[in-house]
Amino acid sequence: MEINKHEDLGLVDIWLSREDQTSQEVQDCLRDLYRRCKEEKYTVAVFYSGQKDLAEETSALLRYNRRRSAERAVQWEKAQKRQASR
């Protein structure tokens, strides 16, 4: 478990490994941390480790975003040509 407190943002981010997610000790610790953060008016963000391969999933997301960006660029160019021909 990794805990980061960002005082300037009023935010506490918590990163949990797969093992942390199933640990009763960690869950008890988190309940206490949530209570303290609420008292101090901090927003808590919890990030859970996933089950899939991070590099593979990130690569797939980047490929999708690149393809979508190219599609939008083509659409924009077509719209510009239509406007110019009016």
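Values as computed for the structure displayed
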{"read-out": "E77 - accessible surface, heavy atoms, 1.4 Å probe, Å² rounded to 10", "value": "100 Å²"}
{"read-out": "Solvent-accessible area per residue, Å², over the chain with all protein chains present [probe radius 1.4 Å]", "value": "86 Å²"}
{"read-out": "Test item: Cα-centred dipole of the chain, Lys/Arg +1 and Asp/Glu -1 on Cβ, debye", "value": "1180 debye"}
{"read-out": "Fraction of accessible area attributable to carbon and sulfur, the chain (%, probe 1.4 Å)", "value": "51 percent"}
{"read-out": "Normalised contact order of the chain, rounded percent, pairs of Cα under 8 Å and 6 or more residues apart", "value": "26 percent"}
{"read-out": "Accessible area in the full protein assembly, largest first, 1.4 Å probe, for C37, C29", "value": "C29, C37"}
{"read-out": "In nm, spacing of pseudo-spin labels at K38 and Q75 (7 Å Cα→C-beta vector)", "value": "4.3 nm"}
{"read-out": "Full-stretch length increase - L62, E7 - with 0.36 nm per residue and alpha-carbon distance subtracted", "value": "16.6 nm"}
{"read-out": "Gaussian network model of the chain, springs between alpha carbon atoms under 10 Å - residue of Y48, Y34, Y64 with greatest fluctuation", "value": "Y64"}
{"read-out": "With DNA, RNA and ligands ignored, accessible area of T43 (1.4 Å probe; Å², nearest 10)", "value": "90 Å²"}
{"read-out": "Options A60, L11, C37, ranked by Cα towards positive dipole end of the chain, top entry (Cβ charges)", "value": "A60"}
{"read-out": "log10 of Debye I(q)/I(0), alpha-carbon scatterers only, for the chain at 0.10, 0.17, 0.20, 0.25 Å⁻¹", "value": "-0.51, -0.81, -0.94, -1.13"}
{"read-out": "Length added when fully stretched, V46-Q83, from 0.36 nm per residue minus Cα-Cα", "value": "8.6 nm"}
{"read-out": "Computed accessible area, K81, all protein chains, 1.4 angstrom probe, square angstrom", "value": "150 Å²"}
{"read-out": "Degrees, to the nearest 10: 24-39 long Cα axis against longest axis of the chain", "value": "80 degrees"}
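The values are calculated or read from the model by the stated rules, or taken from the named source; none is laboratory data. Everything numeric in this text was worked out from a predicted model, so none of it was measured. Positions of Cβ are backbone-derived with ideal geometry, glycine not excepted, and every protein chain shown enters the neighbour counts. Protein only, heavy atoms only, side chains kept; ligands, DNA and RNA dropped before computing areas. Shrake-Rupley method; radii C 1.70, N 1.55, O 1.52, S 1.80 Å.
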